[in-house]
Amino acid sequence: MSTRHMRLTGHSRVFTLTEEAHADLLGYLAEARTALAVEPDADETLRDLEASLGDQLDPLCSEPNDVVDAAQMTAILDQSG
């Protein structure tokens with residue numbers, strides 16, 4: 001299984017994700033960035049979104065070898081809206 005590492009705003013931890021989970025998260029953030037492009041507080045809203053996603057990922061990565069898979073990421077992204 002191939003993995004990617006990612007940091008999110010507000011979290012010092014590096015999250016380990018499967019390739020698919022990483023792609024899903026990047027796609028979600030890109031869509032959010034596009035949707036918020038005309039908003040004056042877009043950067044702050046995106047930082048808040050990243051921090052919230054990191055808060056949800058934290059319990060899934062309590063051990064150094066924990067890896068977030070696509071199913072877990074989909075559940076988090078679905079919950080986030």
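The values are calculated or read from the model by the stated rules, or taken from the named source; none is laboratory data. Worth saying up front: this structure is predicted, and the values here are computed from it rather than measured. Positions of Cβ are generated from backbone atoms using ideal geometry, with glycine treated the same way; all protein chains shown enter the neighbour counts. Please note that ligands, DNA and RNA were not included when accessible areas were found on the heavy atoms of the full protein model with its side chains. Shrake-Rupley method; radii C 1.70, N 1.55, O 1.52, S 1.80 Å.
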| query | Looking at the chain, what % of the alpha carbon pairs are farther apart than 14 Å? | reply | 61 percent
| field | Gaussian network model of the chain, springs between alpha carbon atoms under 10 Å - residue of L53, L36, L17 with greatest fluctuation | value | L36
| request: Lys and Arg at +1, Asp and Glu at -1: add these up for the other residues within a Cβ distance under 11 Å of A71 and post the number. | output: -4
| request: Roll a 1.4 Å probe over the protein chains and send me the accessible area per residue for the chain in Å². | output: 61 Å²
